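A short worksheet on the structure shown next.
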Amino acid sequence: MREIILDTETTGLDPKEGHRVVEIGCVELVNAIPTGRTWHCYLNPERDMPEQAFAVHGLSTDFLSSKPLFADKADEFLEFVETAMLVIHNAKFDFGFLNAELDWASKPLLTWDRIVDTLALARRRHPGAPASLDALCRRYGIDLSGRDLHGALLDCRLLASVYVELVGGKQARLELAGNGTQRADSPGSAAKVTPRATPLATRLTAEEREAHRAFAATLGDDALWRRYE
């Protein structure tokens, strides 16, 4: 299953008040494992940057003035996310902003049935506990040392680690290869298998065995299945 961890940075809290998206970050997962593919861009909001927003992400009007418009990157964004499920923390915020930008650019809108909200997941799994991204990183022991300011791609990487913890996929954590934990494909990592003292009884019927033999016979003398007749 392909999923996209997604995060945005904006000029404010509400697109209806003229606020815009200034950064989009995406991290691709397949079966809850990061693939290494990402998509990221800064965007020119065609307006000023309020001080409150600048204090959160540090993206200035001057810095963004030379960046592309959302309309110029919309097709590239939509192509990357395609029909994947979108995993977002506090999804209503990003969903509302992205659909506002897509609407202004006359592009197809995202639909809510594609959204996984990790804030809702966290509140169900840890009722009553803090559920911000920072709080969840601390709960799961995920390194926050590089997060002085919010950044869409950095927050996506952190959220990817949080998400696989929330859904129980601890071995898929982003920092797995670099945190001293042995990779599953590293030398010496294979588990030793002890044969059962008493083999399990077969669940195949006589008719199923005969059907398999008949099928294997059609594959030729060198067919792999002929070894297991």
TODO: From Leu159, Leu154, grab the single residue that is touching a strand residue (DSSP E or B) at 6+ places or on another chain (Cβ under 6 Å) and either surrounded by fewer than 16 Cβ atoms within 10 Å (Cβ to Cβ) or modelled with pLDDT of 60 or more (or both).
DONE: Leu159
- [ ] Select from region 16-41 the residues that are closer than 20 Å to Asn90 by Cβ and buried (at least 20 other Cβ atoms within 10 Å of the Cβ) and list them in ascending order.
- [x] Arg20, Val21, Val22, Glu23, Ile24, Gly25, Cys26, Val27, Leu29
Open item on the list: Could you go through region 52-69 and let me know if any residue there is part of a strand (DSSP E or B), surrounded by 13 or more Cβ atoms within 10 Å (Cβ to Cβ) and touching a strand residue (DSSP E or B) at 6+ places or on another chain (Cβ under 7 Å).
Closed with: no
- [ ] Would you check which residues across region 105-132 are in contact with a Leu (Cβ under 8 Å, 6 or more places away or on another chain) and of a type in the set (Ser, Thr, Tyr) and list them?
- [x] Thr118
- [ ] All but one of (1) part of a loop (DSSP other than H, G, I, E, B); (2) surrounded by 13 or more Cβ atoms within 10 Å (Cβ to Cβ); (3) modelled with pLDDT of 95 or more hold for Leu174, so report the exception by its number.
- [x] (3)
- [ ] Please specify each residue of region 101-113 satisfying the condition of being in a helix (DSSP H, G or I) and surrounded by 17 or more Cβ atoms within 10 Å (Cβ to Cβ).
- [x] Glu101, Leu102
TODO: Output the number of the condition that Asn44 fails; it satisfies all remaining conditions of (1) crowded, with 17+ Cβ neighbours inside 10 Å; (2) under 20 Å from Asp117 (Cβ atoms); (3) in contact with a strand residue (DSSP E or B) (Cβ under 9 Å, 6 or more places away or on another chain).
DONE: (2)
Task: Every pair of residues 6+ apart whose Cβ atoms lie under 8 Å, when the first sits in region 84-104 and is in contact (Cβ under 8 Å) with a residue 60 or more places away in the chain while the second is among the hydroxyl-bearing types (Ser, Thr, Tyr) and in a helix (DSSP H, G or I) - done: Val87/Thr118; Val87/Tyr163; Ile88/Thr118; His89/Thr118
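The values are calculated or read from the model by the stated rules, or taken from the named source; none is laboratory data. On a predicted model such as this, the values are computed, not experimentally measured, just so you know. Note: ideal-geometry Cβ built from the backbone for every residue, glycine included; neighbour counts use all protein chains shown.
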